[in-house]
Structure formats: structure tokens, C-alpha cells
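Presented below is the structure to which this report refers.
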Amino acid sequence: VLVPEGDWGTRVLAAFEDQLQQGGGHVIDVARYRQGVSDQSESIARLMGMTESEERHRALTSVLGTRTVFEARRRGDIDVVFLGARSQDARVLLPQFRFYRAGGLPHYATALAYDGKPDPELTGLRFCDIPFMLDAQGVWAQERALAARLPAAAAYPRLYALGRDAYDLAVALQRGFLRVGDGYTGAIGRLEWIGSSVLARRLDCAELRASGLVPTALP
């Protein structure tokens, strides 16, 4: 797990670790990075076990008294990499993970790693997000293009989607169109009114590939 320093990183780590433990997994190691700093090679090398691999080689060289052919290997007890990062940081961190032999591992992130602009540097990244952001050609994509003409909506598309759905739901409640158990497919996900003023929500998940966003299911 690699998350940024500060409160947001702490909350993301706590939420991820809690969900992982509920699913029977556990976090192997954690590192924090300073946002806006491009070179995070030291932290990533340590997470991948490359630092320990190099230290073992130096110790072996010292014992043998001669130089040996060596290729650092990452640790073998990692199943996935989780990256807590906003898009500008994810673009520089993901290539560094690949450099340190993590290219064969699934990489997961929060939705904030995707700003709506596919990037080759983010290829292979998996995340869950609202339909308004993931839709490539349907009605949400069309509405997103129209909303982008508004400066505020272009800067904060997810907040725009939230406000849009909130208005629709408020109108439906006021007119008595929404009852317990009813579902609503909105810009922010598939919603269900479960009572006591509580809405359950399901997001869509996708993987960024060279061809664009590809729908995927989390394990």
C-alpha cells in the first residue's frame, strides 16, 4: 500500500485495510509519500522488497569476496498493489512500480486516480467510480460533455453528478414516487432506498487499458 502523507491518506489507508480484513486479506506493508514529489523510488523499492534483495547481494558479495551476476527480485508475498493517489501523482507513481518489478501485479486505486482523461502511464490501473465518469459513449458520456461547458462542472464532475442525482431524488421523494426497496439508476451509481433516510449505492469498476476503459469486476 502506498498512500500520501496527511489526513486523506490516513483515512484511505484505514478504509482499505478495514475492507481487506473483512474479505480475509491483510496489508503486507505500507509506505507514505509526499504529494507533488515525483521521485518515490526509495519508498517503492522498499515496498517491493528490492532494497532487501540488494542488501542480500551485497552481503553475499562481501562473504565471497568477488562480484557476482545479480538481478534484484521483488518480494513474492504480494498479491496486489493499492495506490492512494490523485491523478497527477498516479501518473508518476505507477511507472515507478513497474520499474521495480511490480508490472505483473494487479494495481488498484481510488476513483481520484482517474480524472476522465485516459493516459498510457495509467494502463492497467483498476478502480471503481460513478457511471458519470466511466461511461464512454452512452447517455452519461453525452451529459458529461454538455456539463463540461460549465466551468464548475468541468472542474468537479463528480460533485456535479452528485448534485444532479440529489435533485432528482428530492423531487421523487417530495412527490411520493420513491418508496423503500425502490431502485434508481443515477449518475453516481445504482441507488436503492432502504429506509430510515438511507440510500445504498453500488459503483461500477473498470480497468484502464490502451484501448480505453474496460468494465471489470473486483475479485
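The values are calculated or read from the model by the stated rules, or taken from the named source; none is laboratory data. On a predicted model such as this, the values are computed, not experimentally measured, just so you know. Cβ atoms come from the backbone with ideal geometry, glycine included; neighbour counts cover every protein chain shown. Surface areas here come from the heavy atoms of the whole protein model, side chains and all, with no ligands, DNA or RNA. Shrake-Rupley method; radii C 1.70, N 1.55, O 1.52, S 1.80 Å.
Checking each residue in the stretch 117-144 for being open to solvent by 20 Å² or more (accessible area, probe 1.4 Å), outside any helix (DSSP H, G or I) and of a type in the set (A, V, I, L, M, F, W, C) picks out C128, A136. On inspection, L159 fails the criterion of being touching a residue at least 60 places away in the same chain (Cβ under 8 Å) and not small (G, A, S). I'd like to check something: does the stretch 131-141 contain any residue that is over 21 Å from R209 (Cβ atoms) and not hydroxyl-bearing (S, T, Y)? Yes, that holds for at least one residue. Consider the stretch 154-183 and keep the residues that are of a type in the set (S, T, Y) and either assigned to a helix (DSSP H, G or I) or farther than 19 Å from R201 by Cβ (or both). The one that is least open to solvent (accessible area, probe 1.4 Å) is Y160. When the residues of the stretch 73-116 are filtered to those that are charged (D, E, K, R) and at pLDDT 85 or above, the one that is least open to solvent (accessible area, probe 1.4 Å) is D89. Of the residues contained in the stretch 186-195, none is found to be farther than 18 Å from I130 by Cβ, at pLDDT 90 or above and open to solvent by 40 Å² or more (accessible area, probe 1.4 Å). If you go through the stretch 17-36 and pick out every residue that is within 20 Å of Q96 (Cβ to Cβ) and not acidic (D, E), you end up with 9. Could you tell me whether P151 is open to solvent by 70 Å² or more (accessible area, probe 1.4 Å) and either touching a residue at least 24 places away in the same chain (Cβ under 8 Å) or not charged (D, E, K, R) (or both)? Yes: the conditions hold for P151. Restricting the stretch 128-157 to residues that are among the acidic types (D, E) and within 22 Å of the chain's Cα centre (by Cα), the residue that is modelled with the highest pLDDT is D129. Residues in the stretch 26-49 that are in a loop (DSSP other than H, G, I, E, B) and more than 16 Å from R75 (Cβ to Cβ): R34, Q35, G36, V37, S38, D39, Q40.
Mind listing whichever residues of the stretch 196-215 are among the β-branched types (V, I, T) and open to solvent by less than 50 Å² (accessible area, probe 1.4 Å)? Passing the criteria: only V214.
Any residue in the stretch 11-27 that is surrounded by 11 or more Cβ atoms within 10 Å (Cβ to Cβ) sitting within a Cβ distance under 6 Å of a residue that is part of a helix (DSSP H, G or I)? List the pairs, counting only those 6 or more apart or interchain. So the pair list comes out as V27/E17.
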